1. Considering only the other residues whose Cβ falls under 9 Å of the Cβ of K180, what net charge follows from Lys and Arg at +1 and Asp and Glu at -1?
2. If R₀ is 22 angstrom, what is the calculated FRET efficiency for the pair D149 and I191, using the beta carbon separation as r and rounding to 0.05?
3. Label points 7 Å out from Cα along the Cβ direction at S183 and Q261: separation in nm?
4. What shape does segment 191-239 take by its C-alpha gyration tensor, where a ≥ b ≥ c are the square roots of the eigenvalues and a/c under 1.5 counts as rounded, a/b above b/c as prolate, and the rest as oblate?
5. Just to confirm, what accessible area per residue do you get for segment 156-237 at 1.4 Å probe, in whole Å²?
6. For the pair K288 and R232, how long in nm is the line joining their label points, each one 7 Å along Cα→Cβ?
7. Could you order H137, H269, H249 so the one with the most accessible surface comes first? Probe is 1.4 Å.
8. Assign unit charges at the C-beta atoms only (+1 for Lys and Arg, -1 for Asp and Glu), then state the dipole size of segment 137-269 relative to its Cα centre in Debye, rounded to the nearest 20.
Amino acid sequence: MAILPSVASSLSPPSLSPLCSARSNDDYLISTCICRQSHASSRKPLHLNSRFRLTAISASSNSEAASSSSPPSSSLVSREPMVPPYNVLITGSTKGIGYALAKEFLKAGDNVIICSRSAERVESALQNLRGEFGELHVWGTKCDVRQGDDVKNLVSFAKETLDYIDIWINNAGSNAYSYKPLSEASDDDLIEVVTTNTLGLMICCREAIKMMLNQPRGGHIFNIDGAGSDGRPTPRFAAYGATKRSVVHLTKSLQAELQMQDIKNVIVHNLSPGMVTTDLLMSGANTKQVAESLVPSIRSIPANGSMKPTYIRFLTGLKAYSQIFSRFAFGARRNRYVLED
């Protein structure tokens with residue numbers, strides 16, 4: 001069946017919302033859709049123009065129906081699913097679990113932006129990753145997540161480099177290189193922990209959401225938790241545990257906010273590496289093994305077209321805690337419990 005010219009003109013792209021969204025998996029709103037081609041040899045992903053797929057529209061032989069300009073109730077537009085390679089941004093990714101995640105995404109053929117508050121570490125990590133994966137798939141920039149302007153510049157860098165981000169992983173965190181009772185913690189230590197793990201996470205979530213709201217493909221944000229996120233005590237790094245407990249609450253609150261605003265194309269998830277950190281490894285598991293386990297699970301979410309919040313875990317609960325404290329009991333090296341800064 002043909003689409004009447006007058007009806008088709010009422011569905012022209014300029015009249016449509018710039019956001020891809022759906023009221024449910026089976027009930028799609030009219031929205032723009034962007035598809036992407038593989039760009040193994042290109043610095044920036046290639047975009048095709050927005051496409052619209054309309055269902056056949058019954059046309060009445062009566063002249064009144066032919067002249068009507070109201071949109072047809074049977075029209076349907078479906079959002080293109082995210083397809084690999086994905087554009088991935090990871091904060092705190094010049095060492096530790098962040099660096100290991102970056103490597104696994106690159107192995108999978110994705111494009112990755114790394115960052116750290118240390119320009120020297122960014123340059124060193126970038127050199128190593130480009131030596132292994134080439135210069136066309138990984139970029140890096142300095143960013144202190146505690147500074148709003150730095151995070152806004154990170155977003156600008158991502159847009160300039162890759163146009164958009166499919167997966168944003170908030171990994172930057174710190175324990176101020178301190179493992180001591182709270183009563184012995186300095187003001188500087190506490191400020192370092194709270195501003196990096198809590199304020200920095202909030203700023204990154206705010207800017208990532210704002211960025212992804214303007215992307216027709218939307219995006220997925222993953223907030224990494226850590227020891228204390230399940231409410232269990234974290235003696236000798238109480239401040240760190242308290243900030244990681246707040247990660248879960250913040251993620252749930254953002255999920256509720258997006259739902260209240262009926263925003264369906266930006267999803268916030270929790271990601272748990274099982275408290276495996278740069279200098280505290282558990283019972284044979286290392287950051288490489290953790291990343292090898294987590295990255296396929298992360299990539300499966302956009303690949304399956306899932307628009308629901310997810311909690312991805314590597315190792316949690318009593319087993320993880322027993323491994324941590326048994327390691328301390330048997331003389332593990334002291335004083336450094338750091339995720340990444």
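1. On the way: positive: R236; negative: E184, D189.
It works out to a net charge of -1.
2. Values: r = 19 Å, r/R0 = 0.85.
Here the calculated transfer efficiency is 0.75.
3. Between S183 and Q261, the simple spin-label model gives 4.5 nm.
4. Details: a/c = 5.59, a/b = 2.23, b/c = 2.51.
It comes out oblate by the Cα gyration axes.
5. On the way: 2970 Å² over 82 residues.
For segment 156-237, the solvent-accessible area averages 36 Å² per residue.
6. 2.7 nm
7. Numbers: H137 40, H269 0, H249 125 Å².
Accessible-area ranking of H137, H269, H249, largest first: H249, H137, H269.
8. Working: 14 positive and 16 negative charges, 70 e Å.
For segment 137-269, the charge dipole is close to 340 debye.
The values are calculated or read from the model by the stated rules, or taken from the named source; none is laboratory data. Just so you know, these numbers come straight off a predicted model, no measurement behind them. Note that each Cβ is placed from the backbone with ideal geometry, even for glycine, and that neighbours are counted across all protein chains shown. Calculation scope for accessible area: heavy atoms of the full protein, side chains included, ligands and nucleic acids excluded. Shrake-Rupley method; radii C 1.70, N 1.55, O 1.52, S 1.80 Å.
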